[in-house]
Amino acid sequence: MMIQKTAAITENRPVSGACWKMTLAVGTDMAAAARPGQFVMVRVPDGGLKPFLSRPFSIHRINKERGLLELLYRVVGHGTRQMASRCAGQTMELVGPLGNGFRIEQPFKNIAFVAGGMGVAPLVFLAETLVAEHGGALRARAFIGGACGEDLLCCDVFAGLNMDVAVATEDGCAGCRGFVTQPFENAIKTDSPEMVMACGPPAMLAAVAKISAAADIPCQVSIESLMACGIGACLGCAVKSSGNANYYKHVCKDGPVFAASEIDLDGLAASHGAGQRAFSVRKS
Ligand code: FES
């Protein structure tokens, strides 16, 4: 169910480095319709001379009872600077929830969440939903990576859900020095999860998918993409599917969450630059 809203901001504040959190009063209808892994197209009204076109943001958290929706975003350009300049009481325009989220039909009991940088954004909504549904029966672990300490987001949220949290930073200032794939790969050797849910830069997703496939563990990945329409009309968010190089899927309509085996993640990582740091920021 896609809903269009003008929603009041209830809170908008920095959380770490250039990362901000915005809470919006979207109403109980949009909050109830949202599923983990889905996204909303967001626009700043009255953008002035350089209007802020709608852009996709993962749904970070939902409060169904109060009709609240949270976005986690990094201030990286004109649009997100405009977002950060907005205060409680001002409004944003939203369309959503959009896309296909994480598939959680089975009652998984042992799940590994792997996040790089802003990739924690949709995984928090997923983790909170699964804990609410399965409570103590769920044994889940979170692996969170970043370039430096301030890139490590939401570790306290996962820990507060009684999850073991392993962190890695490229500069070694917190957790293991290096990529988050290392503690993830080590951990699953001795305790194999039933499902891996990952979100982060393409290079990280490709590595997580390979490690999971080698261990015969199904893996779902949330892919981010530039999007113009968010509803499958402009074809601007195409990604190559695996197997058939001439067949494309559309992140907004077919995803943004895919089985890792569906997408040519190596090709996606290469197209984002071979030198991309595995824990660089998630666009927002
Ligand atoms: Fe337009 Fe996906 S954003 S088709």
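What do you reckon, is G135 on the phi > 0 side of the Ramachandran plot and at pLDDT below 95? Against the criterion (on the phi > 0 side of the Ramachandran plot and at pLDDT below 95), G135 qualifies. Could you tell me which residue of region 98-126 is farthest from M195 (Cα to Cα), considering only residues that are touching a helix residue (DSSP H, G or I) at 6+ places or on another chain (Cβ under 6 Å) and among the hydrophobic types (A, V, I, L, M, F, W, C)? Looking at residues that are touching a helix residue (DSSP H, G or I) at 6+ places or on another chain (Cβ under 6 Å) and among the hydrophobic types (A, V, I, L, M, F, W, C), I get V124.
Counting just the residues of region 192-225 that are modelled with pLDDT of 95 or more and among the polar types (S, T, N, Q), which one comes out nearest to the ligand (Cβ to nearest atom)? This residue is S222. Of the strands (runs of 3 or more DSSP E) lying entirely inside region 1-86, those containing at least 3 residues that are more than 19 Å from the chain's Cα centre (by Cα), at pLDDT 95 or above and more than 20 Å from R103 (Cα to Cα) span 3-16. Of the candidates G146, G96, the single residue that is closer than 17 Å to Q38 by Cβ and surrounded by 24 or more Cβ atoms within 10 Å (Cβ to Cβ) is G96. Residues that are touching a Gly at 6+ places or on another chain (Cβ under 8 Å) and assigned to a loop (DSSP other than H, G, I, E, B) were ranked within region 100-118; the one that is farthest from D254 (Cα to Cα) is F102.
Screening L98 with (1) of a type in the set (A, V, I, L, M, F, W, C); (2) touching a strand residue (DSSP E or B) at 6+ places or on another chain (Cβ under 7 Å); (3) more than 24 Å from T10 (Cβ to Cβ) gives one miss only, at (3).
Looking only at region 226-267, residues that are over 18 Å from M2 (Cβ atoms), within 15 Å of the ligand (Cβ to nearest atom) and buried (at least 17 other Cβ atoms within 10 Å of the Cβ) come to 6 in all.
Remark: pairs (first residue in region 218-239, more than 22 Å from V208 (Cβ to Cβ); second residue near the ligand (Cβ under 7 Å from one of its atoms) and of a type in the set (D, E, K, R); Cβ separation under 8 Å; 6+ apart in sequence or on different chains) = I231/K253; G232/K253. Only one entry of A260, A233, A203, A174 meets the criterion of being of a type outside the set (D, E, K, R) and under 14 Å from A112 (Cβ atoms), and that entry is A260.
The values are calculated or read from the model by the stated rules, or taken from the named source; none is laboratory data. This is a predicted model, so every value here is computed, not measured. Cβ atoms come from the backbone with ideal geometry, glycine included; neighbour counts cover every protein chain shown.
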